[in-house]
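Heads up, the thing below is written out as structure tokens.
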Amino acid sequence: MSMKSGINLSTKQKKELRQFAKKPRDSREYRSALGILSRSEGKSAQDVANQFNVTKKQVFTWCKKYRQNGLSGLRMRKQTGRPAVQGNFAKKYIPALLQQEPQAFGFLKGRWVVRDIAKALKKEGVYLSFQSVSRILHDMKMTLKRPRLRAPGSIHKNYRKREQIRRYKKIAPTLLKKESALLFKTRNG
């Protein structure tokens, strides 16, 4: 059993909604306009919600906003909230930071890691979590590689290298806690 339509539109209103849907600023505006048109054609709120992959409550919200404010009720407004001051500074600073070697900042690794970038930013007075740094790198279209500590080849051939890696993994957390540097001396290089 389907519910009756919750919104009745005149021909002029339908035409305005179709025009609005042709040039939306945002995909949400497009969905809301087509959702209201579908609802006016007699589709149930649940059917419209399934069609546009939203909740039934969202369909009712679209209809309510359209009834109260017309097309201006469907327009997306500028998001409110505090502007990202730290993130904006970090976006300018990160490319210059990545041009330098991590060892210059006291890190043992030969490549930059997200947590190390966050720590380097913290030393510069930009307090961001590593998750925020990861998001900023993603926004800047920078790809992340997850380096693995491993010794290629057979077990017997690279036994010393594997042993060094095992020892490093064992003491690495302690080094990070103490923020100290450790020099590795190897016999073969």
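The values are calculated or read from the model by the stated rules, or taken from the named source; none is laboratory data. Quick caveat: nothing in here was measured; it's all calculated off a predicted structure. Quick reminder, even Gly has a Cβ in these numbers, built from the backbone with ideal geometry, and neighbours come from all protein chains shown.
Listed values, structure above:
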{"read-out": "Index of the failed condition, ARG146 passing every other in (1) at pLDDT below 80; (2) assigned to a helix (DSSP H, G or I); (3) under 19 Å from the mean Cα position of the chain (by Cα)", "value": "(2)"}
{"read-out": "When residues of segment 114-141 are limited to those that are in a loop (DSSP other than H, G, I, E, B) and without any contact (Cβ under 8 Å) to a residue 12 or more places away in the chain, the one farthest from VAL85 (Cα to Cα)", "value": "LYS141"}
{"read-out": "Long-range neighbours under 6 Å by Cβ, at least six apart or interchain, first residue closer than 16 Å to TRP62 by Cβ and at pLDDT 85 or above within segment 1-30, second of a type outside the set (A, V, I, L, M, F, W, C) and surrounded by 12 or more Cβ atoms within 10 Å (Cβ to Cβ)", "value": "LEU9/SER40; ALA21/TYR30; TYR30/PRO24"}
{"read-out": "Enumeration of residues in segment 20-56 that are in contact with a helix residue (DSSP H, G or I) (Cβ under 6 Å, 6 or more places away or on another chain), not in a loop (DSSP other than H, G, I, E, B) and not aliphatic (A, V, I, L, M)", "value": "PHE20, TYR30, ARG31, SER32, GLY35, SER38, ARG39, GLN46, PHE52, LYS56"}
{"read-out": "In segment 61-107, residue modelled with the lowest pLDDT [restricted to those that are of a type in the set (Val, Ile, Thr) and assigned to a helix (DSSP H, G or I)]", "value": "VAL85"}
{"read-out": "Residue match in segment 104-119 (condition: surrounded by fewer than 18 Cβ atoms within 10 Å (Cβ to Cβ) and either among the acidic types (Asp, Glu) or within 30 Å of TRP62 (Cβ to Cβ) (or both))", "value": "no"}
{"read-out": "Pick from segment 7-60, criterion crowded, with 17+ Cβ neighbours inside 10 Å and among the polar types (S, T, N, Q), ranking: nearest to ARG77 (Cα to Cα)", "value": "SER32"}
{"read-out": "Within segment 87-112, tally of residues that are out of contact with any helix residue (DSSP H, G or I) (no Cβ under 8 Å at 6 or more places or on another chain) and either in contact (Cβ under 8 Å) with a residue 40 or more places away in the chain or of a type outside the set (D, E, K, R) (or both)", "value": "9"}
